[in-house]
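Just below is one structure, and these are the notes that go with it.
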Amino acid sequence: MPLDIVILGPPGAGKGTQAAKIEADAGIPHIATGDIVRAEMAAETPFGLRVMEYNLRGELVPDELMIERVRERLLEGDTEDGFVLDGFPRTLAQAQALDAMLDDLDRSIRVVLHFQLPEELAEQRLLGRALASGRADDTPEVIHKRMATMRVPHDLIAYYRALGNLVGIHADRSIEEVYAEVQNVLETAAA
C-alpha cells in the first residue's frame with residue numbers, strides 16, 4: 001500500500017524541511033506545489049501563464065486549475081510507492097478532490113501531518129530565513145500578510161480529523177525532535 005502523505009501548516013513551520021527528510025528516508029517524492037507553480041511560471045508553460053494571470057491580479061489560483069495540475073503530477077511514475085504533498089490541499093474543495101482522484105486510483109491519504117506553530121514564532125522564522133537569503137520582498141509587512149492568507153482553514157482540519165488521519169505535530173522544536181515524532185507517526189501509519 002502506497003505511503004501517501006499530506007503536510008499542512010503555516011509558512012515557517014518546517015513543512016519543506018520535514019518533507020525532504022521523509023523523501024530521503026522513505027524514497028517517495030516531496031511534491032511541493034509552490035515549487036511547481038514557480039517553476040512553471042518561470043518556464044512560461046501554459047499552466048504557468050494561466051497562474052501568472054491570477055498572481056498579477058492578486059487573486060488565488062482557482063481550485064480547478066490546481067486540482068488538475070496536482071492530478072497530472074500524481075499520475076507520474078515516481079509516485080507509485082507514495083508521495084509527500086506539501087502546499088496542497090489548501091481548501092476543503094481541494095481536499096475532497098484529492099480524495100476523489102486517489103479513490104479513482106484505489107489509493108487514499110494514509111496520514112495528514114498538521115505542523116502546529118504559534119504565529120509569532122512562524123513570523124520570526126520567516127523573517128530570519130528572509131534575512132539569511134537576502135530576499136528583499138520578505139519584509140515584516142509582507143510576511144505578516146502571507147501568514148494571514150496562508151492559515152490552514154478550520155474546515156480543512158475538521159475534514160481530516162473526521163476521516164481519522166490527522167496527526168498534530170508540534171513544530172516549535174528542533175528539526176531533529178520534530179522529525180523523530182514524524183518518524184513515529186509514519187511507522188504507525190505504515191503498520
Those residues of region 3-36 which are buried (at least 22 other Cβ atoms within 10 Å of the Cβ) and basic (Lys, Arg) amount to Lys15
Which residues, taken from region 157-184, are in contact (Cβ under 8 Å) with a residue 24 or more places away in the chain and part of a loop (DSSP other than H, G, I, E, B)?
Asn165, Ala171, Asp172
For region 89-103 the number of residues that are part of a helix (DSSP H, G or I) and within 15 Å of Gly34 (Cβ to Cβ) is 1
Those residues of region 54-88 which are of a type in the set (A, V, I, L, M), assigned to a helix (DSSP H, G or I) and under 14 Å from Ala32 (Cβ atoms) amount to Met66, Val70, Leu74
Residue satisfying all of: in region 88-134; within 23 Å of Leu75 (Cβ to Cβ), in contact (Cβ under 8 Å) with a residue 60 or more places away in the chain and small (Gly, Ala, Ser); surrounded by the most Cβ atoms within 10 Å (Cβ to Cβ) among these
Ala95
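Read-outs throughout are calculated quantities, based only on the coordinates presented, and are distinct from any laboratory measurement. Remember, predicted model here, so these are calculated numbers, not experimental data. Backbone-built Cβ (ideal geometry, glycine too); neighbour counts: all protein chains shown.
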